[in-house]
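Quick notes on the structure that follows.
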């Protein structure tokens, strides 16, 4: 996510910018806003000079490296690379290229949740539903759920993973975050929650399937930052906390 910068002007400075020139060169408010380039938070706006703060903030936030690719960052001298603390830049690098301090900073930043735009959620769902291969991992939590369905006369198969994915909508999206785990460092994680009812097929020899009226399925999509390939992990268990749904009222017919 690109860093957005805005500059704060005192009221008197804004008036000066707007009325300081004559004729066609004078700036109206909208034109002034379009020229905003940096935002700096201060205790007392009247006691600070905006341009000086902008220059200081630019130097301190490594803005000179904005737009650098991973390869360009790796070409920097080791001491210069170690001086960078902009999370957007650090996310471009693998964990072993960061100093211990930088690793901690990225780990802490990646623990924060954020909400993807509706257009991004739609794109994720479209890619998921176009997949041809679906597999359910035999994790401990999943196995507990599989046993529950089996004891009721049904069974969980890879086909159920596909069926549930095909029933996901924008309203089921919960949140996104970045991974801080070594095996998928900085990958984008998007989390969905599917709520029942859902019917699982009957075991061979049984005539009826097993319907769960209030099933919660936790679905995590891991998007690799380098290959851009996506992997979906489905877990059949109750979420560990109350899941937010920022687009819960988004109409299905608009997808």
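Here are a few things to note about the model shown:
- Modelled spin labels at residue 159 and residue 181, positioned 7 Å past Cα toward Cβ, are 3.0 nm from each other.
- Neighbour counting of Cβ atoms within 10 Å sorts the residues 217, 210, fewest neighbours leading, into 210, 217.
- The stretch 118-254, relative contact order in percent, only Cα pairs under 8 angstrom and at least six apart counted: 25 percent
- P(r) for the stretch 118-254, from all Cα pairs and a bin width of 5 Å, is 2, 9, 18, 22, 20, 14, 8, 4, 1, 0 %, short bins first.
- You can think of it this way: the chain between residue 166 and residue 113 has 16.6 nm of extra reach, that is 0.36 nm per residue less the Cα-Cα gap.
- In terms of other Cβ atoms within 10 Å, 192, 236, 68 run from fewest to most in the order 68, 236, 192.
- Per-pair calculated FRET efficiency, R0 = 35 Å: residue 203 and residue 242 via Cβ, rounded to 0.05: 0.55
- Order of 93, 125 under a 10 Å beta carbon neighbour criterion, fewest first: 93, 125
- Computed label-point distance, nm, for sites residue 70 and residue 252 using a 7 Å Cα→Cβ extension: 3.9 nm
Read-outs throughout are calculated quantities, based only on the coordinates presented, and are distinct from any laboratory measurement. Quick caveat, the model's predicted, so the values are computed rather than measured. Neighbour counts are summed over all protein chains in view; Cβ atoms, including those assigned to glycine, are modelled from backbone coordinates with ideal geometry.
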